[in-house]
Amino acid sequence: MKLKDAFDYILDKNNALRDFNAYMIGVAYDGDDSFLFVNLTIDDEVIEKNTLYYHTHVTSGKIRSSEGVEDFYCAETIEELIVQLPLIASDLSYHVYKLKEDVLELSSEYALKALFPRLPNPDFHDLDDFKVEAIKLVSALNH
């Protein structure tokens with residue numbers, strides 16, 4: 001799903017997503033050895049008052065690094081939010097992931113492993129090979 005469709009899906013299924021620990025996430029490889037993760041949400045309290053507030057949590061980081069970038073964006077309309085977001089966020093394909101925890105709080109290799117369980121365990125696998133496999137999976141999602 002593209003960004004607008006993903007938010008429409010969240011509007012329709014918001015309670016179900018929350019109840020099942022599901023997240024609407026887009027992932028990209030930026031070509032600079034860094035992976036970008038975008039989590040979309042809508043403010044629950046505001047929905048009950050018949051007004052919407054769109055939230056986006058964006059993180060990026062490199063494999064083998066605990067350093068990264070984290071940003072939060074919010075707006076009353078999707079169009080206002082899109083203007084704030086990194087350009088790549090609008091082009092991503094978003095998917096629902098049922099997860100045990102918010103992967104955006106993890107380093108990139110662990111976030112990728114949580115999103116793509118078929119990736120090898122980053123603790124016991126060569127991280128260069130891990131990155132190659134992760135790039136293939138992320139690229140396939142967005143094409």
Within the range 89-119: backbone nitrogen closer than 11 Å to the HIS143 label point (7 Å, Cα to C-beta): none
Mean Cβ-within-10 Å packing, highest first, puts peptides 2-9, 55-62, 34-41 in the order 34-41, 55-62, 2-9
Amide H to amide H under 5 Å from TYR94: which residues, 5+ apart in sequence or cross-chain, H placed 1.01 Å off N in plane? LYS2
Using each residue's phi in the range 57-66, evaluate 6.51 cos²θ - 1.76 cosθ + 1.60 at θ = phi - 60° and report the 3J(HN,Hα) Karplus result to the nearest Hz, with x for Gly and Pro. 10, 10, 10, 8, x, 9, 5, 6, 10, 8
Mind checking which helices in the chain clear 20 Å along their axis (Cα) and have mean Kyte-Doolittle hydropathy of -1.0 or more, DSSP H runs only? 3-19, 127-141
Peptides 22-28, 96-102: what's the order by average Cβ count within 10 Å, highest mean first? 22-28, 96-102
What FRET efficiency comes out for the pair ASN121/GLN84, r = Cβ-Cβ distance, R0 = 25 Å, nearest 0.05? 0.10
Candidate lysines - alpha carbon under 19 Å from LYS131, same-chain residues fewer than 8 apart omitted: LYS62, LYS113
Extended-chain gain in nm, criterion 0.36 nm per residue less alpha-carbon gap, ARG64 and SER34: 9.8 nm
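With runs of 4+ DSSP H residues as the only contributors, calculate the mean residue ellipticity of the chain at 222 nm using -39,500 (n - 2.57) per run, divided by the residue total and rounded to the nearest 500.
-11500 deg cm²/dmol
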As straight-line cross-link partners of LYS13, the qualifying aspartates and glutamates (C-alpha separation under 20 Å, not fewer than 8 residues apart within one chain) are ASP5, ASP43, ASP44, GLU45, GLU48, GLU76, GLU101, ASP102
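Every number here is computed from the coordinates shown, using simple stated rules; none is lab data. Values in this document were obtained by computation on a predicted structure and should not be read as measured data. Cβ coordinates were reconstructed from backbone atoms using ideal geometry, including for glycine residues, and neighbour counts include every protein chain displayed.
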